[in-house]
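Every read-out reported here was derived from the displayed coordinates using simple, explicitly stated rules and does not represent laboratory data. Nothing here was measured: the structure is a model prediction, and the numbers come from that model. Here the Cβ is made from the backbone with ideal geometry for all residues, glycine too, and neighbour counts use every protein chain on show.
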Amino acid sequence: MRRFTRLRMEESGYIKRIKEEIRMKKWAPRVLLAAALAGLSAFLLKGDVWTFWTWWLLAFLMGMVAMPLTGRLFAGFEDKGWMFSKVLAITVTGFLTWLLVTVKILPFTALTCIGVSLACAVGCGILYHFQVKKGIDCIPTGKGNLVYWEEILFFAFFLMWTYFAGFRPQAYGTEKFMDYGFMEAMMRSTTLPARDLWYSEGTINYYYGGQYFAVFLTKLTGSKVELTYNLMRTFVATFAFVLPFSLVRQMSVDRLKGSLTGKKRCLPAVAGIIAGISVSIAGNMHYVVYSKIIPWLQKLQGKEADSYWFPDATRYIGYNPDVPDKTIHEFPCYSFVLGDLHAHVVNVMFVLFLVGLLYAWMRSVRMREAVIMKPDRKQFWKKQLLIPHILLAAVMIGMFRFTNFWDFIIYFVVTGGVVLFTNIVQFDGKVKRILAVTAVQAVEIIVISYVVSLPFTLQFDSMFKGVGIAQNHSMIHQLLILWGLPVVLTVLLIICIIWEKLRGGANRSLYRLMKAISVPDLFAIVMGLCAIGLIVIPELVYVRDIYENGNARANTMFKLTYQAYMLFGMTMGYGIFRMLIAARKKVFKVVSVIGLVLLCWTFGYFGNSVYAWFGKVWEPSEYKGLNAASFLENDFAEDVAGIKWLKKNVKGAPVVLEANGDSYSGYERVSAMTGLPTVLGWYVHEWLWRDDTADLNEKSADIESIYTSLDEEYVKELLEEYDVSYIFVGSKEREKYGETLNEDVLKSLGEVVFQDEVYSTYILKVNK
């Protein structure tokens with residue numbers, strides 16, 4: 001008996017050792033891959049790697065802590081919304097911090113950011129405790145492999161974009177002065193909105209939320225704006241891949257679940273990767289036509305092939321041919337390469353989270369039976385109004401009012417479409433009930449979104465001037481080149497789905513048809529239809545603004561089609577593989593293959609733009625680092641020492657006078673790089689934000705008087721009127737005012753606190 005027991009124990013120990021060895025063999029390659037990526041990041045990013053690791057680790061920890069909440073919202077996802085959890089954590093902690101600061105309960109400091117984040121973490125811990133007691137699983141148990149590969153993808157894309165950014169890190173050119181300056185201004189400020197760095201008499205009158213979240217993460221990690229300006233844009237670019245990947249992968253799993261056997265099990269991941277690439281690094285067919293097809297035809301004809309400049313894909317309608325109707329039709333890859341940390345860029349990760357949230361809600365509803373109205377109407381309406389997904393969606397839409405105002409309108413409509421389509425099935429096709437619930441939920445979303453955004457809107461003067469009827473329209477061939485591929489694939493997907501469900505005369509009513517359509521198919525239809533609508537709108541109407549003469553449709557087309565591009569990217573990623581695998585007609589399979597080939601062809605835009613903008617990225621020795629202010633040494637050699645002195649020695653936000661100039665110029669380099677307010681900055685920007693040219697012209701004239709007038713008393717009065725504390729005299733001031741610069745007068749009114757030893761640049765502290 002003892003011998004038998006001993007043998008059993010030995011056998012048990014042997015089995016355990018075997019299992020451990022199998023486990024080690026399984027995980028050893030993954031550990032090595034993770035270590036290799038970590039080592040590669042250290043090699044490529046050099047000294048910047050510590051800040052890079054800090055941001056990745058912060059996202060990982062915040063996402064993990066937020067899983068008790070995310071896991072409930074994304075309960076139907078195999079990974080419980082692991083990637084979405086990172087954005088949810090940043091959204092909740094950042095938004096609560098902003099709210100508490102804006103209503104003046106707490107100051108905007110690093111301590112506040114940390115404190116609010118820790119409080120949210122404690123709340124998630126309590127929620128997890130109760131979930132465990134109730135047996136609710138909110139962690140992706142048994143899906144360690146999926147979570148591992150998602151984290152690998154996140155780290156790899158974050159590293160790739162960060163490495164590229166290091167080849168052109170300067171916050172100089174296009175909108176970068178504004179974006180970087182907003183961050184520096186908010187870093188200095190303990191209140192929100194911060195003082196306008198280009199209009200010292202007011203606060204920022206712009207939807208500054210994107211830059212705010214960048215500053216929030218900067219303060220949370222104890223990093224410097226010089227580095228985090230670039231890290232934030234690469235951070236967003238990473239989410240632009242992983243969130244569509246996660247969503248479309250799950251949609252494909254849900255649709256193809258019954259047929260996912262053998263090699264087909266990898267298809268959802270492939271669909272997710274295609275969707276992620278389509279949203280984040282793909283171009284449009286303009287690249288294919290003008291960079292590949294036309295040059296090829298020119299070579300065949302013995303002509304010299306035209307060169308291709310990647311921004312042309314975003315400036316096509318109105319530019320080729322050259323007509324007065326100038327438009328903008330940017331897309332994420334262009335934005336990520338260009339490097340502006342503008343409102344529409346940062347909001348990418350938030351709108352993608354919202355889209356994922358809406359799918360999670362639609363999926364959860366469809367898993368239940370149709371709701372029948374019961375006598376207890378109070379209980380019924382309580383359930384319809386207290387849906388967590390809808391409540392969170394309403395808060396997010398409200399948040400868009402200060403992160404990117406255009407997305408507030410766009411995603412209210414998208415959310416409304418999802419709610420309507422879901423309610424048609426949820427309420428058994430009963431028209432009155434569907435309309436009543438949808439209308440009430442729409443009002444609920446509007447009310448909540450308006451309430452949560454009040455701290456912003458009460459201090460914000462809208463730039464909205466009304467809606468005009470479009471007098472100009474895009475040429476048909478231009479629309480086909482830009483949008484033909486996604487529109488055709490979307491329409492064919494819709495036809496494929498509807499044809500399958502109407503076969504044999506079944507599902508003739510709208511309710512029966514929509515009930516027969518699977519959740520992922522229905523959601524793809526909603527995304528595709530919304531995207532088509534966003535393209536059509538600028539052909540009909542436009543939002544009036546200061547660019548109405550010659551560029552009337554530019555801003556409207558820009559903001560609407562940007563979102564259409566992302567919705568199309570996810571629709572195509574899902575639709576191509578859905579038609580290829582599940583379609584019953586061969587014609588749909590053939591078209592999906594053609595569509596996939598053309599879509600993959602657009603991916604070449606990424607390589608073209610990266611090389612054109614960043615240079616030889618395959619040579620690590622060319623890496624310049626992430627310091628966004630490093631350009632000062634070369635581009636503003638006369639001013640760099642003075643700018644550094646101000647940033648080091650001046651606390652708070654006193655007014656520093658510098659010469660004002662046109663938008664997108666080198667003027668306002670002092671205010672942009674320090675965050676210190678000046679009397680007037682980029683003229684067109686302030687015109688757009690405040691729409692008071694008389695006031696701007698007066699300020700511009702007063703600045704010139706301060707620098708050029710010989711009337712000492714008048715200059716003194718102007719300095720007192722604008723509460724100027726410092727006067728900067730450097731390259732731009734000498735360039736603009738030349739020999740008329742009244743240096744003797746200025747020096748009589750203040751003390752020189754900084755004098756450049758090499759150049760004639762100096763800073764005066766005004767006597768008060």
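Could you tell me which of 703, 719, 645 has its Cα farthest along the dipole of region 635-766 towards the positive end, charges placed at Cβ (Lys, Arg +1; Asp, Glu -1), taken about the Cα centre? Farthest towards the positive pole: 645.
With the convex hull of its Cα atoms as the shape, region 514-576 has an orientation-averaged projected area of 5.0 nm².
Taking Cα pairs under 8 Å and at least six residues apart, what relative contact order does the chain come out at, in percent?
17 percent
Reported to the nearest whole Å, the Cα centre-to-centre distance from region 308-332 to region 71-130 is 40.
What Kirkwood radius, in Å to one decimal, follows from the Cα pairs of region 635-766?
14.8 Å
Among beta bridges from DSSP that stay inside region 635-766, the antiparallel ones total about 75%. For the chain, taking Cα atoms only, Rg and Dmax work out to 28.5, 112 Å respectively. Taking the Cα centre of region 561-626 as origin and assigning +1 to Lys and Arg Cβ atoms and -1 to Asp and Glu Cβ atoms, the resulting dipole is close to 520 debye. Binning the C-alpha pair distances of region 283-328 at 10 Å intervals from 0 yields a P(r) profile of 27, 46, 25, 2 %, listed from the shortest bin outward. Peptides 476-484, 52-60, 130-138, 198-206 ranked from most to least packed by the mean count of surrounding Cβ atoms within 10 Å: 198-206, 52-60, 476-484, 130-138.
Contact order, relative form, for region 635-766: 28 percent (alpha carbon pairs under 8 Å, 6 or more residues apart, mean separation divided by residue count).
Counting charges near residue 342 (Lys, Arg +1; Asp, Glu -1) among other residues having Cβ under 13 Å from its Cβ returns a value of -2.
On a per residue basis, the convex hull of the C-alpha atoms belonging to region 373-461 measures out at 91 Å³. Between 571, 518, 558, the Cα set farthest toward the positive side of the dipole of region 504-583 (charges on each charged residue's Cβ, about the Cα centre) is that of 518.
The dipole here belongs to region 284-388: it is taken about the Cα centre, uses +1 on the Cβ of Lys and Arg and -1 on the Cβ of Asp and Glu, and is about 1000 debye.
Charges only on Cβ, +1 for Lys and Arg, -1 for Asp and Glu: so what's the dipole of the chain about the Cα centre, in debye to the nearest 20?
6960 debye
Here region 453-501 and region 746-760 have alpha carbon centers that stand 54 Å from each other. Only lysine pairs 8 or more places apart or on separate chains count here, and in region 635-766 those with Cα atoms under 14 Å apart total 4. Here, region 320-420 has an Rg and a Dmax of 18.7, 65 Å when only alpha carbons are counted.
Over the chain, dividing the summed -39,500 (n - 2.57) contributions of all DSSP H runs of at least 4 residues by the number of residues returns a 222 nm mean residue ellipticity of -21500 deg cm²/dmol.
Using bins of 10 Å that start at zero, the share of Cα-Cα pairs per bin across region 214-353 amounts to 11, 26, 27, 23, 12, 2, in whole %. Name the shape class, rounded, prolate or oblate, that the alpha-carbon gyration tensor gives for region 131-220, where a ≥ b ≥ c are the square roots of its eigenvalues, rounded holds for a/c under 1.5, and otherwise prolate holds if a/b is larger than b/c and oblate otherwise. It comes out oblate by the Cα gyration axes. Extension gain for residue 759-residue 266 works out to 171.2 nm (0.36 nm per residue, less the C-alpha to C-alpha distance). In region 635-766, taking the dipole from charged Cβ atoms about the Cα centre, the farthest positive-side position among 659, 738, 759 is held by 759.
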